[in-house]
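Novice: Below are the structure tokens for one structure; questions will follow.
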Amino acid sequence: MEEDEAGIHARGVTRSFGPVQALRGLDLTVPYGQVTALVGANGAGKTTLLLILATLLAPDAGEIRVAGYDLRTHPREARAELGWMPDTFGVYDQLTVAEYLQFFADAYGLNPREGGDRVLELLTRVHLVEMWHQPVHVLSRGQKQRLGLARALVHRPKVLLLDEPASGLDPRSRVELRDLVRSLAAEGAAVLISSHILSELEEIADRFVLVDQGATAGEYETSVLRAEARGLWRAHALEEEPLVEALNSREAPYRRQRTGGLDIGPLTEPEAAALLGELVAEGVRIFSYAPVGGALESVYLAMTEDRT
Ligand SMILES: Nc1ncnc2c1ncn2[C@@H]1O[C@H](COP(=O)(O)OP(=O)(O)OP(=O)(O)O)[C@@H](O)[C@H]1O
Ligand SMILES: [Mg+2]
């Protein structure tokens, strides 16, 4: 069935706030079983789009299906299938952590027994079990983020919308978030995630959608992006002179780094691999060779270069 092809199918979405055109005909597809990243500058329209997909904001125009349901005609059904984690956490000062999740379990119609089990399971999953009896307002920013994620998962949604979920998380929580998001996709969910931390997204996302001034500027598969992107490769050799000579003889572009090492390139992954093979074959004693930044970062920077 055509409606079931993807978790989210959006075409020609527009939305203005007075004179500001936040979305100007945006297209987006978010397949099941994959993580799709929404990338774009501040003000590009990511949060506006996510609010519309979460049925919390009406679009001016456009055709949107979430979990197969048309948002205009079946918003309730769509809402039952989607989980939403906002970029800022609402205030529910009076509730404890457990009551807060229980409230959402009730709202989604889980029976009390099932809801209780689910609350405990989720608190364990986001490492907040010990905080269960604390009022929500005492949680730190990162703990609130994790509670927000648990809330988004209460009803086992098929479609997950995450607006900058990693912001405010400590390094361990980020790794755990990444693993959790990956496992939800592996279980079949369609995940849409916005973030500015490109290197991190590269490890989570199967696909990238670049949003520029309210419209889709490009869609990429992460694996293709990695293979095609040109980036710099930082090389360290036990003796620098042979490395410099080998690069000069090939007229390979490079720059000396203040912190030591040479940045070679821009090169694609296959080019970088071929060069490394040659250098080592010539006896250059390279002990470290790694991309500077990520593939996504170099593509993103190249695409937004002419911004004034
Ligand atoms: N409620 C609102 N009223 C007026 N203008 C708004 C409103 N919400 C968003 N905008 C405007 O719409 C545009 C898109 O904003 P949006 O929050 O969607 O961007 P974003 O891509 O999420 O940015 P960021 O990366 O900073 O989170 C901006 O120009 C913003 O000022
Ligand atoms: Mg935003």
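Novice: What helices (runs of 4 or more DSSP H) completely inside region 168-278 contain at least 2 residues that are under 30 Å from Ser16 (Cβ atoms)?
Specialist: Fully inside region 168-278 and qualifying: 198-204.
Novice: List pairs: first in region 183-195 and over 13 Å from Pro31 (Cα atoms), second within 16 Å of ligand 1 (Cβ to nearest atom) and assigned to a loop (DSSP other than H, G, I, E, B), Cβ under 6 Å, 6+ apart or cross-chain?
Specialist: Listed pairs, sorted by first residue: Ser194/Glu164; Ser195/Glu164; Ser195/Ala166.
Novice: Can you tell me which residue in region 213-250 is modelled with the lowest pLDDT, limited to those that are in contact with a strand residue (DSSP E or B) (Cβ under 8 Å, 6 or more places away or on another chain), of a type outside the set (Ser, Thr, Tyr) and more than 26 Å from Arg285 (Cα to Cα)?
Specialist: Going through the qualifying residues, I end up with Leu225.
Residues checked against (1) at pLDDT 90 or above; (2) in the same structural domain as Asp87 (by TED's automatic domain parsing); (3) part of a helix (DSSP H, G or I):
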site: Phe104; (1), (2), (3): yes, yes, yes
site: Gly109; (1), (2), (3): no, yes, no
site: Glu114; (1), (2), (3): no, yes, yes
site: Thr124; (1), (2), (3): yes, yes, yes
site: His133; (1), (2), (3): yes, yes, no
site: Gln143; (1), (2), (3): no, yes, yes
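Novice: Right, next: Please find, within region 8-41, the residue that is surrounded by the most Cβ atoms within 10 Å (Cβ to Cβ) out of those that are outside any strand (DSSP E or B) and under 16 Å from the mean Cα position of the chain (by Cα).
Specialist: Only one residue fits best here, namely Gly40.
Novice: Just checking, does region 87-106 include any residue being open to solvent by less than 40 Å² (accessible area, probe 1.4 Å) and under 20 Å from the mean Cα position of the chain (by Cα)?
Specialist: Checked region 87-106: no residue is open to solvent by less than 40 Å² (accessible area, probe 1.4 Å) and under 20 Å from the mean Cα position of the chain (by Cα).
Novice: Across region 199-216, what is the total count of residues that are open to solvent by 50 Å² or more (accessible area, probe 1.4 Å) and in contact with a helix residue (DSSP H, G or I) (Cβ under 9 Å, 6 or more places away or on another chain)?
Specialist: Going through region 199-216 one residue at a time, the tally reaches 3.
Novice: On the basis of being polar (S, T, N, Q), surrounded by fewer than 23 Cβ atoms within 10 Å (Cβ to Cβ), within 16 Å of ligand 1 (Cβ to nearest atom) and closer than 20 Å to Arg207 by Cβ, does Thr47 make the cut?
Specialist: It is true that Thr47 is polar (S, T, N, Q), surrounded by fewer than 23 Cβ atoms within 10 Å (Cβ to Cβ), within 16 Å of ligand 1 (Cβ to nearest atom) and closer than 20 Å to Arg207 by Cβ.
Novice: Hey, among the residues in region 224-248 that are over 30 Å from Arg24 (Cβ atoms) and exposed (fewer than 14 other Cβ atoms within 10 Å of the Cβ), which one's nearest to the chain's Cα centre (by Cα)?
Specialist: Ala227
Novice: Continuing with this model, one more query. Given the criteria assigned by TED's automatic domain parsing to the domain that holds Pro112 and open to solvent by less than 50 Å² (accessible area, probe 1.4 Å), does Val175 qualify?
Specialist: It is false that Val175 is assigned by TED's automatic domain parsing to the domain that holds Pro112 and open to solvent by less than 50 Å² (accessible area, probe 1.4 Å).
Novice: Starting from residues that are in contact (Cβ under 8 Å) with a residue 60 or more places away in the chain and among the charged types (D, E, K, R), keep the ones in region 61-90 and report whichever is farthest from Gly7 (Cα to Cα).
Specialist: The extreme case among them is Asp87.
Novice: On to the next question. Working only within region 60-86, note down all residues that are open to solvent by 50 Å² or more (accessible area, probe 1.4 Å) and within 16 Å of ligand 1 (Cβ to nearest atom).
Specialist: Asp60
The values are calculated or read from the model by the stated rules, or taken from the named source; none is laboratory data. Since the model is a prediction, treat every value here as computed from it, not as a measurement. Note that each Cβ is placed from the backbone with ideal geometry, even for glycine, and that neighbours are counted across all protein chains shown. To get the accessible areas, we keep the full protein, side chains included, count just its heavy atoms, and leave off ligands, DNA and RNA. Shrake-Rupley method; radii C 1.70, N 1.55, O 1.52, S 1.80 Å.
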